[in-house]
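Okay, so here's the structure we're looking at.
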């Protein structure tokens, strides 16, 4: 039997004898092959209908907003999103990249977990559209969507300074994360410029979940010289901070600004550094689609603005 | 060239002439085939490392908790989760089912969006492990994990009745959803048994997002005879209800019980019908793994318990 006959069978073309058809299908199945419509489309120059998104944490509201923005934009183009979580683990990120590519996703959107992006670099070189979002992938020439972390941090510090605070604590995520570094660096720089020399004393990291943040803040508030204000450097840190303040006498007098807006921040009166996470996802998807259409277009680095939204918690004066 | 030779090439076996190897590889590529390691594993009797989860709404905290429970359990077995959203659209659910199966997921976990599950039924018949979660798939003999919706609703109504309420409103999701039907039916039955004959007057549906819920509650509260208590029948309805109460004079006197716990309910003092959504996901994943290992095992229907968690909002007396 010729490969041509096999092709006709597997592409579902008519006029093949039933016995031949069955022989080809059995052989293909025993080889572990299965007709892959998407791969067939690609071979014909088409685009896979699926786009992969490797997120850092499925349970975090920020990533949910990002994913829904990505999905909304993809749908406009008749594409479908598949999401998988690296759980911030670089090894899982690399293995997921492989799994998704093996399954012929047409493009990949990634929040890079680690510093080693060799898996992604290889795929970009091989022609796969890859967009990184929330954090840049160091040393990689990829389309990128991030927010203005430094501008948002500076605005938050300025807001607290303007309300009279000098003893301001910073409660942040894992220190190896790019966003942590950007935000903590700018926090220290802004305070140094304002003449607060020892701001490092109140910088804490490790608040990757609310419980960890809560413990860090309880400890800060129990110190001989507690902070009068807290910059909670992500939405997890903000929730933990609020829990710690509720459980500390006088905690309701401590000023709080949270990085990342969240749905109930409005009801709770929490001042935040806000940005449009859905738009962030939408832009990432837009770049993935544009890169698919034109592999040679100039690499884009999109930086979305942030703004302080005052709602009460960030406007309390120092005790 | 025989299919046997093609098999040897595509499985990467040695001792094939280079020219033959290239001919087979080119032919395979032009046919739209690509060596699929997972499909090959399956053909050899192994299990794909990927499990698909078709969720209803990526941005809803309930689905995030479900997904993280699924993922946690899968990881124990060396498996990886791929999530896609049907956006509660039965057509998208069917097309996603096809896309995921074509990509050789080893099992599928689905929150069924519609009433037609022919796509899923076919796959179960073909041997794919399928678990449905949150809602049963009518007429389908599949492993299922749901919560005790009726028990939770009855407990919430009993709680509000015990605190003196008779004019209790029900603010629910889309009426075609099974969870809506279970909860609203039981709501009406419980009130009827308590001698409240006209409870239908205060039943509202369509609160699939917080904004819609807010509008429904504002309308209820503006009526000549407003409810003194509200059962918000899911987490979206609860957020919208809280927004409406904040924006209504005297709204802080209306009792509220929310179905679904949420992270900040504790800080906000909201009484809820709680259950373990992470555990729900974990059980679904466990069933998928068990079904993969033993396709002939008895179909399981797991019902997880619910409980009322009093936090203040559900204990206010009628005005």
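The values are calculated or read from the model by the stated rules, or taken from the named source; none is laboratory data. Just so it is clear, the model here is predicted, and its values are computed rather than measured. Every residue, glycine as well, gets a Cβ built from its backbone with ideal geometry; the counts of neighbours run over all protein chains shown.
Points worth noting:
- Residue match in the range B:284-301 (condition: farther than 14 Å from residue B:130 by Cα and modelled with pLDDT of 95 or more): no
- Check on residue B:256, at pLDDT 95 or above and outside any helix (DSSP H, G or I): yes
- For the range B:289-300, the set of residues classified as surrounded by fewer than 14 Cβ atoms within 10 Å (Cβ to Cβ) and either in contact with a helix residue (DSSP H, G or I) (Cβ under 7 Å, 6 or more places away or on another chain) or within 27 Å of residue B:82 (Cβ to Cβ) (or both) consists of B:293, B:294, B:295, B:296, B:297, B:299, listed by residue number.
- All positions within the range B:239-255 that are closer than 20 Å to residue B:165 by Cα and at the interface with chain A (Cβ under 9 Å from one of its Cβ atoms): B:242
- Every pair of residues 6+ apart whose Cβ atoms lie under 6 Å, when the first sits in the range B:210-239 and is outside the structural domain of residue B:181 (by the TED database) while the second is at pLDDT below 95 and surrounded by 17 or more Cβ atoms within 10 Å (Cβ to Cβ): none
- Some residue of the range B:60-78 being assigned to a loop (DSSP other than H, G, I, E, B), closer than 20 Å to residue A:50 by Cβ and within 12 Å of chain A (Cβ to nearest Cβ): no
- Flag if residue B:20 is over 28 Å from the mean Cα position of the chain (by Cα) and either modelled with pLDDT under 85 or more than 7 Å from chain A (Cβ to nearest Cβ) (or both): yes
- Test: residue in the range B:294-305 that is in contact (Cβ under 8 Å) with a residue 12 or more places away in the chain, within 27 Å of residue A:211 (Cα to Cα), within 13 Å of chain A (Cβ to nearest Cβ) and under 21 Å from the mean Cα position of the chain (by Cα): no
- The condition of being modelled with pLDDT under 80, more than 7 Å from chain A (Cβ to nearest Cβ) and within 30 Å of residue A:71 (Cα to Cα) holds for only one of B:86, B:48, that being B:48.
- Residues within the range A:265-288 that are more than 15 Å from the chain's Cα centre (by Cα), within 14 Å of chain B (Cβ to nearest Cβ) and crowded, with 20+ Cβ neighbours inside 10 Å, tallied: 3
- Residue B:258 meets each of the listed conditions (1) within 14 Å of chain A (Cβ to nearest Cβ); (2) over 17 Å from residue B:316 (Cβ atoms); (3) touching a strand residue (DSSP E or B) at 6+ places or on another chain (Cβ under 6 Å) apart from (2).
- Filter pass, residue A:136 being surrounded by fewer than 24 Cβ atoms within 10 Å (Cβ to Cβ), in contact (Cβ under 8 Å) with a residue 24 or more places away in the chain, not in a helix (DSSP H, G or I) and not assigned by the TED database to the domain that holds residue A:230: yes
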